[in-house]
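The values are calculated or read from the model by the stated rules, or taken from the named source; none is laboratory data. Keep in mind that this is a model prediction, so the values were computed, not measured. Note: ideal-geometry Cβ built from the backbone for every residue, glycine included; neighbour counts use all protein chains shown.
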Amino acid sequence: MNLRRTFAFTRRALLQFRHDRRTLAFVLMMPLLMILIFGYTFGGDVTNVKVTVVNNDEGLPAGASPLLPDGIKLAEHITNSLNDETLAIEHSANIVKSKQRVDKGEIWAVIYYPKNFTENFFQSLSNASGSFNSSVEIYLDGSNPTISSAIMKTVNQAVMETLGELSDDINVTSTELPISFNTTYAYGGSDVEFIDYFAPGVISFAIMMVTTMITIILFVNERRTGTLQRLLASPANEAEIVIGYALAFAVIGICQSIVILVAAMLIFNITIIGNVFLALLVVMLLAVGHQGLGILLSAWAKNELQAVQFIPLIIFPSVLLAGLFWPVESIPKFLQPLSYFIPLRYGIDASRSVMLRGWGVGEIWVDLVILIAFAALTLTGSMLLLKRRK
Amino acid sequence: MLAVTTKKLTKRFGRIVALNELDLNIKEGEIYGLIGPNGSGKTTAIKILCGLLRQTYGSISVLGKNTLSKEVLNKIGYMPQETAIYLDNTVHENLQFFGEIYGMSKEHLERREQEMLKFVDLLDWRNALVSTLSGGMKHRVSLACALIHEPHLIFLDEPTVGVDPELRDTFWKYFRKLIENGVTVVITTHYMDEANNCSRVGFLRQGKLIAEGEPGVLQKSAGAKSLEDTFLVLSRGKKA
């Protein structure tokens, strides 16, 4: 092996970066961006989960028990012990309205203590019957298993903590104490697995990634090979070109979704309770919007190599901030507002709501409007970009 | 009748003057060659005449119209410098696509596709993927795509660049056949020897038309041995 020749290759490759500043910046900045995004978002604890506490517990009348302190309200103790980083707690007196908020997806759960919560607890102790009459009622949106388990874990910890404190006074171990959980589900249930939650996200993500990348490469090629010039010298106008391609990508998006859905149903036995066609509409809108984005981005790429550089720039923030793997609630608070600017978030949100909660247009209309606005914006931008006679 | 006229056609890119008050009068049914070295403004002129660029000032008239409406664009064919066809589609699919964007009916397109495949001698390659064809064949497909909709006027931007001498000769035979059918051909080239095939030529230098006329007449009046010498004589004359 001739070292001089070997080093000649090394030198040539390194010198290339001197002339391509953009690639140099990409090479140096990308790892930094990746460590920041992954570091902040990967595996973080779920925080800021919106729940409502409806506390009707009237407590224990003074002097009713020699074991428990006068006027004690157990529910208040438990609520005060709830981890306020994990849960963003609101209080309400109206159980019906609070449950409706869970149904509408405005909050994740209602934690409800009935009127005689403390009294039942005391009676169970006095009777020593072992029957568990005190029950924390939880009305839960079970469509997101990560959030459901975070809520259940937090409530359980708070109960244990409260009972732990009381066990010194009443001289029994906390494990024997008579408090149970009665969980009912607005959507999903204990049988919802991570794959059920994950599948709608994967569909949206696959469509976003494939559509954006193929469109960038396709339009870089259209420019580089001269076909775009030929099209712009024909009677075809910019709208026909952009919408023509958009329809093609909508069809591709739907085909991809069907492949993923069928595979997920047959192999992983996922649960779909909503209207699959509505989920496909969501995916189609996502595909059309990202096709427009691809055309816009193609203007900044002179060749396929530069087009590929967009992958991490678009894909990573979308994957990490849009709630694909982790709920948006598990992202650090200062990064959470960024997720509102990522269209994938709305695609995932809408398709999950349709497939897991069985929601219709009436419930997901905000997501649909945002996706339509995104598609309209990127497609209009693409048409302006292709505008001939510059 | 004139197929193309330009008056004081000027195009600036920042400080660079690509075209400098160009006056052209191209007659119907002729092969008009825009001849000049690289950077003389040939491609810029063609792009303005096809509607791909907007002039800084000056006016154009194409097929008797001052604006490039859909009606006018339907009668124009354009073959860019690059092959400009879809490599991942077959010859047939390319011809069909370009025919459709010019609004051709199915029957018209089928008939015309056969004519074009025969014209460029690719009848046996109809279903071949373009990426599998030789460079020369790709050029012929590109020409067929530019002619599929039976244009009245065709702009060919350096169609013979990178083409071997045999195919160049074939191409000029195609172009002559086109004018026999009444098509006006506007062609750019920097190969001076090719200019002899044109009905008339316009010599471009630094965005200005320095001479225009029949190749033989221009050569004679300049007292030059070849068209290349003619360009050099006229170019120096203008320079002086």
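Considering only residues that are of a type in the set (A, V, I, L, M, F, W, C) and in a helix (DSSP H, G or I), look in segment B:65-91 and name the one that is surrounded by the fewest Cβ atoms within 10 Å (Cβ to Cβ). So that I can check it myself, show each step before the final result.
To start, the set of residues in segment B:65-91 that are of a type in the set (A, V, I, L, M, F, W, C) comprises B:68, B:72-73, B:76, B:79, B:84-85, B:87, B:91.
Still in the running and in a helix (DSSP H, G or I): B:72-73, B:91.
Numbers: B:Val72: 19, B:Leu73: 22, B:Val91: 28.
Selected residue: B:Val72.
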- Check B:Phe13 against each of (1) within 14 Å of chain A (Cβ to nearest Cβ); (2) modelled with pLDDT of 95 or more and name the one condition it does not meet. (2)
- Query: Residues of segment B:189-240 being under 17 Å from the mean Cα position of the chain (by Cα) and assigned to a helix (DSSP H, G or I), which ones?
  - Reply: B:Met192, B:Asp193, B:Glu194, B:Ala195, B:Asn196, B:Asn197
- Message: Which count do you get for residues in segment B:72-112 that are more than 8 Å from every other protein chain (Cβ to nearest Cβ) and without any contact (Cβ under 8 Å) to a residue 60 or more places away in the chain?
- Response: 22
- Note on the structure: Inside segment A:329-355, the number of residues satisfying the requirement of being surrounded by 20 or more Cβ atoms within 10 Å (Cβ to Cβ) and at pLDDT below 85 is 3
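With respect to A:Gln309, is the statement that it is at pLDDT 80 or above and closer than 22 Å to A:Arg21 by Cα true? Full working, then the answer.
On the way: at pLDDT 80 or above: yes; closer than 22 Å to A:Arg21 by Cα: yes.
Yes.
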- Message: Quick check on segment B:31-49: of everything there that is under 10 Å from the mean Cα position of the chain (by Cα) and among the aliphatic types (A, V, I, L, M), which residue is nearest to the other protein chains (Cβ to nearest Cβ)?
- Response: B:Ile46
- Item | Subset tally (residues that are in contact with a Ser or Thr (Cβ under 7 Å, 6 or more places away or on another chain) and surrounded by fewer than 19 Cβ atoms within 10 Å (Cβ to Cβ)) for segment B:163-208 | 2
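Mind checking whether some residue in segment A:313-322 is within 14 Å of another protein chain (Cβ to nearest Cβ) and either part of a loop (DSSP other than H, G, I, E, B) or touching a Lys or Arg at 6+ places or on another chain (Cβ under 9 Å) (or both)? Give the derivation first.
Taking segment A:313-322 and keeping what is within 14 Å of another protein chain (Cβ to nearest Cβ), we get none.
For segment A:313-322, residues within 14 Å of another protein chain (Cβ to nearest Cβ) and either part of a loop (DSSP other than H, G, I, E, B) or touching a Lys or Arg at 6+ places or on another chain (Cβ under 9 Å) (or both): absent.
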- Task: Take A:Leu368 and decide whether it is surrounded by fewer than 21 Cβ atoms within 10 Å (Cβ to Cβ), free of Cβ contacts under 8 Å to residues at least 60 places away in the same chain and not hydroxyl-bearing (Ser, Thr, Tyr).
- Result: no
- Message: I'm trying to understand the selection: among the residues of segment B:50-64, which are more than 7 Å from chain A (Cβ to nearest Cβ), part of a loop (DSSP other than H, G, I, E, B) and not polar (S, T, N, Q)?
- Response: B:Leu63, B:Gly64
- Message: Let me spell it out: the conditions are (1) at pLDDT 85 or above; (2) crowded, with 16+ Cβ neighbours inside 10 Å; (3) within 23 Å of the chain's Cα centre (by Cα), and A:Val220 meets all of them except one. Which number is the exception?
- Response: (3)
- Message: Report every pair of residues separated by at least 6 positions or lying on different chains whose Cβ atoms are under 7 Å apart, first residue within segment A:298-318 and surrounded by fewer than 16 Cβ atoms within 10 Å (Cβ to Cβ), second part of a helix (DSSP H, G or I) and not aliphatic (A, V, I, L, M).
- Response: A:Asn303/A:Arg224
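Quick check on segment A:243-263. Is at least one of its residues within 14 Å of chain B (Cβ to nearest Cβ) and among the β-branched types (Val, Ile, Thr)?
Applying the first criterion (within 14 Å of chain B (Cβ to nearest Cβ)) to segment A:243-263 yields A:243-245, A:248.
Retained after the next criterion (residues that are among the β-branched types (Val, Ile, Thr)): A:243.
Checked against the condition, which is being within 14 Å of chain B (Cβ to nearest Cβ) and among the β-branched types (Val, Ile, Thr), segment A:243-263 yields at least one hit.
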- Message: If I ask for residues that are under 31 Å from the mean Cα position of the chain (by Cα) and of a type in the set (Ser, Thr, Tyr), which ones from segment A:223-263 would you list?
- Response: A:Tyr245, A:Ser257
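Yes/no per residue for (1) aliphatic (A, V, I, L, M); (2) within 23 Å of A:Pro31 (Cα to Cα); (3) touching a Pro at 6+ places or on another chain (Cβ under 7 Å):
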| residue | (1), (2), (3) |
| --- | --- |
| A:Asn221 | no, no, no |
| A:Ile243 | yes, no, no |
| A:Leu247 | yes, no, no |
| A:Val262 | yes, no, no |
| A:Phe268 | no, no, no |
| A:Thr271 | no, no, no |
| A:Leu285 | yes, no, no |
| A:Pro317 | no, yes, no |
- Would a scan of segment A:220-238 turn up a residue that is aliphatic (A, V, I, L, M) and more than 14 Å from chain B (Cβ to nearest Cβ)? no
- Within segment A:289-303, is even one residue part of a helix (DSSP H, G or I), outside the structural domain of A:Asp84 (by TED's automatic domain parsing), at pLDDT below 80 and of a type in the set (D, E, K, R)? no
- Item | Number of positions in segment A:185-217 that are touching a Leu at 6+ places or on another chain (Cβ under 6 Å), surrounded by fewer than 23 Cβ atoms within 10 Å (Cβ to Cβ) and under 26 Å from A:Tyr245 (Cβ atoms) | 2
- Could you look through segment A:92-127, keep only residues that are modelled with pLDDT under 90 and touching a Leu at 6+ places or on another chain (Cβ under 9 Å), and pick out the one that is nearest to A:Glu329 (Cα to Cα)? A:Phe117
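Here's the yes/no breakdown for (1) modelled with pLDDT of 95 or more; (2) of a type in the set (S, T, N, Q); (3) surrounded by fewer than 21 Cβ atoms within 10 Å (Cβ to Cβ):
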position: B:Lys106; (1), (2), (3): no, no, yes
position: B:Glu115; (1), (2), (3): no, no, yes
position: B:Gly135; (1), (2), (3): no, no, yes
position: B:Leu143; (1), (2), (3): no, no, no
position: B:Phe155; (1), (2), (3): yes, no, no
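Among B:Phe97, B:Phe119, which is the only one that is among the aromatic types (Phe, Trp, Tyr) and either buried (at least 24 other Cβ atoms within 10 Å of the Cβ) or in contact with a Leu (Cβ under 8 Å, 6 or more places away or on another chain) (or both)?
Details: B:Phe97 fails: either buried (at least 24 other Cβ atoms within 10 Å of the Cβ) or in contact with a Leu (Cβ under 8 Å, 6 or more places away or on another chain) (or both).
Within the list B:Phe97, B:Phe119, the selection yields B:Phe119.
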- Of the residues that make up segment B:24-47, is at least one surrounded by 19 or more Cβ atoms within 10 Å (Cβ to Cβ), part of a loop (DSSP other than H, G, I, E, B) and either of a type in the set (A, V, I, L, M) or touching an Asp or Glu at 6+ places or on another chain (Cβ under 6 Å) (or both)? no
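Across segment A:41-85, what is the total count of residues that are assigned to a helix (DSSP H, G or I) and at pLDDT 70 or above?
Here is the first cut: in segment A:41-85, the ones assigned to a helix (DSSP H, G or I) are A:41, A:74-81.
Those still in the list that are at pLDDT 70 or above too: A:74-81.
Result for segment A:41-85: 8.
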- Note on the structure: Sole miss for B:Thr67 among (1) of a type in the set (Ser, Thr, Tyr); (2) within 14 Å of chain A (Cβ to nearest Cβ); (3) touching a Leu at 6+ places or on another chain (Cβ under 7 Å) is condition (3)
- Query: How about segment B:126-147: which of its residues are over 15 Å from the mean Cα position of the chain (by Cα), touching a residue at least 40 places away in the same chain (Cβ under 8 Å) and closer than 15 Å to B:Phe97 by Cα?
  - Reply: B:Leu129, B:Val130, B:Val141
